Structure formats: structure tokens, C-alpha cells
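Engineer: I'd like to ask some things about the structure below.
Nothing in this text is a laboratory measurement; each read-out follows from the coordinates by a stated rule. From a predicted model like this one, the values you see are computed outputs, not experimental measurements.
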Amino acid sequence: MSIVTCRSHLSRGVPQLLKVRSAETLFNYVGGQMGDWRITNVVNHSGAGLRPASHISIANGPLSRIPVGTSWVLRGVVNNTRYVTREDRCDGAICQTKAFSDEMPCAALIAIRKSDAWWNLTRSDRRDIVEERSRRITDGFALFPAIARRFQYSRDLGEPFDFVTWFEYDPSDVSIFDELVNVLRTSEEWNYVEREIEFRLLRDSKR
């Protein structure tokens, strides 16, 4: 279980990363009793869960303080191309990812940690599993025109999860999102996932 309880933890690892990446690439997902997004369902697919929270708020850049009533904070730095080749980056399926919009009422937050067996593989072996065998990038991105996606790396920050991904979509595209996560979870890559928690959310209309 990962619970942020002190300010020092909020900044651990951030200054070093921000030397090479702007503060705008750092995102904090704050679980607590208030926020722009109301949690409607939580599924612990594997491993330990997190403390109960009713809402999630998103803060861009380093946090200066923890909001009152915070249960946990998940952090990550945007880097969408770690396992993507130059040819992949030019592929239309990736370029057509839907833009974020205040009009999209549905969201999901998925945090995962992979096993030591995954990180003991060479970079080329990991990419081979991600792309050539699991086809995560090709098959997954083919569904993204209906879904806004922000993928963040957390491992370099010393977080309990390796990756945090935020999705937004319209209610009519729930089935497309379900298909996307099913594609990922049936891939070879997911054999290396040892901890995964998924939040489904709705934009809080009261705020």
C-alpha cells in the first residue's frame, strides 16, 4: 500500500528529472474526498490496493503541499515514446489519439507495477514483447481515436507503481475502452504485471 504522508515524499526524485524534462510533464493524481473526478468503481486486478477515496484531482507540476483529506498521491512523468521507433511515431494510428476536452465526462486511471523479471530483460527484449509479440502499440493505438490518453512513467520517481495512465472518453465509447484494456491484459506483456489497480470515474458536475 502506498500512502503519501509527508511533503518530502512529494519532491523525491523530481528535481533531477526536471533538469531534463519540463515541470509540465509531471502529473499528480490526488485521491481524497474532493476533486474534479468522482470515483465510481475501483478494481484491484493484482497486488495491494490503496486507501479508500471518493474523488481524484489532477495537479500538473511539483506539489507544494498535500490537500487536506488526501488518501494517496500517484505521480508520473509523460514520455510516450520509450518503446516506440521513429517509424512508429509517424504512424497515423498514434498521431490520431483524441485530444483532451472538458466535454468528455468519463475517465479511467490505471496504475501498474511490473515484476523484476521484466526489468531484468534487456531493453530490446522488452520492446520485442511490447510491440512485436504483444502488439500493444499497434493494436492498442488503433482504438485510440475515440479515447484521450496520457501515459506517465513513475519508476524513475521511486514510486510504488512503474506506470500511471489516464484516459478520458465519452459514455458512448465505454465499450471501446473496455476492448482496449482487454487487448492489453491478454497480451504477453501482462504476464509480467504483479500489481495493477484501476479506477473508473465520472466528471463531478457539482464542481
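Engineer: Which whole-Hz ³J(HN,Hα) couplings does segment 174-186 yield from phi under the Karplus relation 6.51 cos²θ - 1.76 cosθ + 1.60, θ = phi - 60°, glycine and proline marked x?
Structural biologist: Values, residue by residue: 4, 5, 5, 5, 4, 5, 4, 5, 5, 4, 5, 6, 9 Hz.
Engineer: Here's a follow-up. Would you mind checking which residues have amide H under 5 Å from K114's amide H? H placed 1.01 Å from N; only 5 or more apart, or other chain.
Structural biologist: Amide H neighbours of K114, under 5 Å, 5+ apart: D162, E194.
Engineer: Applying the Karplus parametrisation 6.51 cos²θ - 1.76 cosθ + 1.60 with θ = phi - 60° to the phi angles of segment 190-200, what ³J(HN,Hα) value in whole Hz is obtained for each residue in order, glycine and proline being reported as x?
Structural biologist: Once rounded to whole Hz, the list reads 6, 5, 9, 7, 10, 8, 8, 10, 10, 10, 10.
Engineer: Under the Karplus relation 6.51 cos²θ - 1.76 cosθ + 1.60, θ = phi - 60°, what is the ordered set of whole-Hz ³J(HN,Hα) values for segment 41-48, x standing for Gly and Pro?
Structural biologist: For segment 41-48, the Karplus curve yields 7, 10, 10, 8, 5, 6, x, 6 Hz.
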